[in-house]
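The structure appears below as C-alpha cells.
The values are calculated or read from the model by the stated rules, or taken from the named source; none is laboratory data. Worth saying up front: this structure is predicted, and the values here are computed from it rather than measured. No Cβ is skipped: glycine too gets one built from the backbone with ideal geometry, and neighbour counts run over all protein chains shown.
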Amino acid sequence: MNAVILEAKHIYKQFYDPVKFDVLKDINFQVRAGEFVSVIGKSGCGKSTLLYILSTMDTDYQGELLVDGVKMTGKKEKELAAVRNEKIGFVFQFHYLLNEFSVMENILLPARKLAKKTEAELKERAHFLLNKLDISKLAEKNPRQLSGGEKQRVAIARAMVNEPAIIMGDEPTGNLDKRNSEIVFATFQQLAQEFNQSLLIVTHDPEFAERTNRIIEMEDGRIIRQ
Amino acid sequence: MNTRLIIQIAYSLLMARWKQTLVAAIGVTFSITMFITLLSFMTGLNKLLDGLVINRTPHVRLFNEIRPDSIQPIQKAPGYRSHYHMVRSIKSGNSRQEIYNSGAIMERIAQDPRVLGLAPKITTPVFFNEGNIEITGVVYGIDIEAESRLFFFTDYVVKGQAADLKNVSNSIILGKGLADKLLADIGDIVQLTTSQGEQFRLKVVGHFQSGLQELDKTQSFASIKTVQKIMGKANNYITDIQVKLTDINQAPKLAKEFNKVFEIDAEDIQTANSQFETGTSVRNIISYAVGITLLVVAGFGIYNILNMMIYEKMDSIAILKATGFSGKDVNRIFIMIALGIGIFGGLTGLLMGYLLSSLIDQIPFNTAALPTVTTYPINYNPVYYFIGGAFSLITTYFAGFFPARKASKVDPVVIIRGK
C-alpha cells in the first residue's frame, strides 16, 4: 500500500447563516499516494466545503486533518500558507491566472515563493511541465490571449510546479466545453499515470467521475459511498 | 528572495494600472514640490528680513548705561547695615558713557574662541546744519574694516566708497534719507554741531541705505578717529563694543558672562530683537502646516487608489493566498505598492521643488529698501529636502497601511467560492 497523503478524521462543520445548519457530518477518509479520487454529489451536499477544509484554506471546523502525515488542525495562518505552497496544488473552476504576468511567470509564482531551487532549475521545471501539457508555445503569452482550455492547463502546470503531494480541483471542467473538458481530464489522467500524482477532484459530472480510480459520493454532508 | 519576489509582484501590479499609479504619484509630486518651494521661499524671505536686522546687529553689545547706581553709598556704610534706607531724589551718577579700559577688554574678548570678531563703536548725537535748519541725527564712529567684515557695512553703501571713510580725513557717510534732506552728494561738505556746541565740517564720501527708512533719515557714519576728534575725546574713547559670535544661540550666556567679568552692561541679540524670532517661527509653522496638509491630501488619494486596486485584484489576492502566500506577504505587497508611489512621487517632487525654487530665484525683485537684493530670496536648505522626502514616505506608508491590512485579511475561500 502507498503512503497516506491526505487524511480526514471526524470532520464536522456548521454554517450559522441564516440558521445553524450542519454542512459536514463526521467525514472520514484517506487519499493515498498516486490515487486519482473524485468527489461527487448533488449541489449543496457540502463537497466544495469539504474541499476547502482539506485545502487548509478554511480552518473553521471540528475534527482533524492530516496532510502528508502532519496534523494541520490548529496551525497558524502563515504555517498553513507554507504547507499550501509546498504540498498542495490547486485547480479551480475559474483559472485565476494573474493577467499582469506572462504564462511562464504565472507558473513560476508559487515556485519563486517556495524558493528551494535556482531560477534556472525552476524555468527548466516549468518548461518540462509546459511540454508535458502540450502548451509550450504559450510560455511567453499573456493569459488574456489564451482559450479556456489552455488557461486551465496553465493553471494545472502552476499547481504542479512545486511537485505537490496532492492536487485538488474544484470543478476544474465546470466552465469548459466538452472538447476542452476532455483535454483537461486527459491531462489529469496523464499526471496520475506518469508522475504517480495524487489527485482529489470535486465534480458534479458523473462521466468524469466514472473514469477516476475511486469515487467518493456525498449526500447531505455525509459520505455515503467511497 | 522573498522580498525580491514581493517587489516584483508589487511592480507588476503597479505597472498594470500605470495611469492610476501616475495620478497618485503626481499627487505626491505636487505636494512635495509645493512643500519644498514654499519652505525654501518662505525661509529665504525670513532670512532676508531677519538679515536686515540681524546682519546689522551685534550678537552681544557691551556698553555703559547711564542710570542711577543700584548701590547707594549709605548701603556700604557698616554702621547702617541693619537699617532701613530711605534715600529720596536719587540722580544718575556722573557715570560716563565711555567703556573703561576698553583696550584691555577688547583684547581679552578677541581671544575668546567662541567669538567670531568684534568691532568698537562710538555713538554720538549731533545736529546737521542746513542753512538755519537743524536736523537731528546720530554719528557712529566705526572701524570700517571690522564693520565690513562682521556686519556687511559695505553692502549697504549704495553710493561712494566705504573705504574712503578711512582714507579721506574728516569724511562722513550719510544715510540716504538724511543725504536727501541735506541735498548732500559725494564730495559736498556738511556742517554739524555736537551736543557740546562745537561745529565741524565733514566731507561726504558715500550714501548708506539700511533698508529701514526711519534709520536712514537720521544715521551717518564716520571713522572712530573723526568722531573722537569731534567730541574732543582721547583716542581710547569707545562707547560700544559689538561682538559677533560663532554661534548666535550662545549670545545670552556670553552676555551674562561678559556682564559679570567686565562689570559692564551686555545685551544679547535675542533680548534686543525678540520679535523677529517670534515672527520667523510663526511663518515657519504656517509653511510646514500648508506643506503637510498637501501631503495628507495626497495620502488620501493614494489610499483611495489602493482601496480600489484591492477590490479589482480580489481574485489575484485570493489565488496568491491559495498558492502559498501568507497574509503578511500580501500585506507587504500592498505596502510596497504604496511606498513605490511614495518614492517615485517623492523623488520627482524633490527635483521639481528644486527646479521651481531655482526658477523663483531668477525672478527680479528690486526694492529701494533692499539694495543688495536683486531676485527673490530662496533658501536651499538640504534639511527641507530631507523632511520632504521623509514625509512622502511616511504619508504613503500610512495611506497604504489600512488597504494593505484589508488585503491581507481577504479570505480566499469566500472569493473563490463566490464565482
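List the helices (runs of 4 or more DSSP H) inside segment A:132-226, counting only whole elements, that have at least 2 residues being hydroxyl-bearing (Ser, Thr, Tyr). Steps first, answer last, please.
Details: elements: A:148-160, A:178-194, A:206-210.
It comes to A:178-194.
Which of the following residues is farther than 30 Å from B:TYR100 by Cβ, in a helix (DSSP H, G or I) and either in contact with a helix residue (DSSP H, G or I) (Cβ under 9 Å, 6 or more places away or on another chain) or not assigned by TED's automatic domain parsing to the domain that holds B:GLU107 (or both): B:ALA184, B:ALA179? Spell out the reasoning first.
Working: B:ALA184 fails: in a helix (DSSP H, G or I).
Step by step, each of B:ALA184, B:ALA179 is checked, and only B:ALA179 is farther than 30 Å from B:TYR100 by Cβ, in a helix (DSSP H, G or I) and either in contact with a helix residue (DSSP H, G or I) (Cβ under 9 Å, 6 or more places away or on another chain) or not assigned by TED's automatic domain parsing to the domain that holds B:GLU107 (or both).
Only one of these conditions is not met by B:ILE333: (1) assigned to a helix (DSSP H, G or I); (2) more than 14 Å from chain A (Cβ to nearest Cβ). Which number is it?
With respect to (1) assigned to a helix (DSSP H, G or I); (2) more than 14 Å from chain A (Cβ to nearest Cβ), B:ILE333 is out only on (2).
Against the condition surrounded by 15 or more Cβ atoms within 10 Å (Cβ to Cβ), in contact (Cβ under 8 Å) with a residue 24 or more places away in the chain, away from chain A (no Cβ under 14 Å) and touching a Pro at 6+ places or on another chain (Cβ under 9 Å), how does B:ILE269 come out, does it pass? Please lay out each step first, then the result.
Numbers: surrounded by 15 or more Cβ atoms within 10 Å (Cβ to Cβ): yes; in contact (Cβ under 8 Å) with a residue 24 or more places away in the chain: yes; away from chain A (no Cβ under 14 Å): yes; touching a Pro at 6+ places or on another chain (Cβ under 9 Å): yes.
It is true that B:ILE269 is surrounded by 15 or more Cβ atoms within 10 Å (Cβ to Cβ), in contact (Cβ under 8 Å) with a residue 24 or more places away in the chain, away from chain A (no Cβ under 14 Å) and touching a Pro at 6+ places or on another chain (Cβ under 9 Å).
Touching a residue at least 40 places away in the same chain (Cβ under 8 Å), out of contact with any helix residue (DSSP H, G or I) (no Cβ under 7 Å at 6 or more places or on another chain) and within 18 Å of A:SER102 (Cβ to Cβ): does that describe A:ARG144?
Yes: the conditions hold for A:ARG144.
Just checking, which of A:GLU219, A:GLU171, A:GLU163 is in contact with a strand residue (DSSP E or B) (Cβ under 7 Å, 6 or more places away or on another chain) and at positive phi?
On the way: A:GLU219 fails: at positive phi; A:GLU163 fails: in contact with a strand residue (DSSP E or B) (Cβ under 7 Å, 6 or more places away or on another chain).
Exactly one residue qualifies, and that residue is A:GLU171.
Against the definition (over 27 Å from B:GLU312 (Cβ atoms) and part of a helix (DSSP H, G or I)), how does B:PHE35 come out, yes or no?
Working: over 27 Å from B:GLU312 (Cβ atoms): yes; part of a helix (DSSP H, G or I): yes.
Yes: the conditions hold for B:PHE35.
Name the residue that is farthest from A:ALA33 (Cα to Cα), counting only residues in segment A:169-195 that are crowded, with 17+ Cβ neighbours inside 10 Å and of a type in the set (D, E, K, R).
That would be A:GLU171.
I'm checking my understanding of the structure. Among residues of segment B:226-254 that are touching a residue at least 60 places away in the same chain (Cβ under 8 Å) and surrounded by fewer than 16 Cβ atoms within 10 Å (Cβ to Cβ), which one is farthest from B:ILE172 (Cα to Cα)?
Of segment B:226-254, the ones touching a residue at least 60 places away in the same chain (Cβ under 8 Å) are B:226-228, B:230-231, B:233, B:236-248, B:250-251, B:254.
Imposing the further condition that a residue be surrounded by fewer than 16 Cβ atoms within 10 Å (Cβ to Cβ) reduces the set to B:236, B:246-248.
Values: B:ASN236: 20, B:THR246: 31, B:ASP247: 33, B:ILE248: 31 Å.
Out of the qualifying residues, it is B:ASP247.
If you scan segment A:59-85, which residues turn out to be within 10 Å of chain B (Cβ to nearest Cβ) and either free of Cβ contacts under 8 Å to residues at least 12 places away in the same chain or surrounded by fewer than 18 Cβ atoms within 10 Å (Cβ to Cβ) (or both)? Steps first, answer last, please.
Step one: filter segment A:59-85 for residues within 10 Å of chain B (Cβ to nearest Cβ), giving A:59-60, A:76-85.
Correct list: A:THR59, A:ASP60, A:LYS76, A:GLU77, A:LYS78, A:GLU79, A:ALA81, A:ALA82.
Within segment A:100-109, which residues are more than 7 Å from chain B (Cβ to nearest Cβ) and outside any helix (DSSP H, G or I)?
Of the residues in segment A:100-109, the ones more than 7 Å from chain B (Cβ to nearest Cβ) are A:102-108.
Answer for segment A:100-109, where residues must be more than 7 Å from chain B (Cβ to nearest Cβ) and outside any helix (DSSP H, G or I): just A:SER102.
Rundown of residues vs (1) touching a residue at least 60 places away in the same chain (Cβ under 8 Å); (2) surrounded by fewer than 16 Cβ atoms within 10 Å (Cβ to Cβ); (3) on the phi > 0 side of the Ramachandran plot, yes/no style:
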site: B:GLU145; (1), (2), (3): no, yes, no
site: B:LEU150; (1), (2), (3): yes, no, no
site: B:ALA179; (1), (2), (3): no, no, no
site: B:ILE186; (1), (2), (3): no, no, no
site: B:ILE189; (1), (2), (3): no, yes, no
site: B:GLU198; (1), (2), (3): no, yes, no
site: B:HIS207; (1), (2), (3): no, no, no
site: B:SER210; (1), (2), (3): yes, no, no
site: B:PHE221; (1), (2), (3): yes, no, no
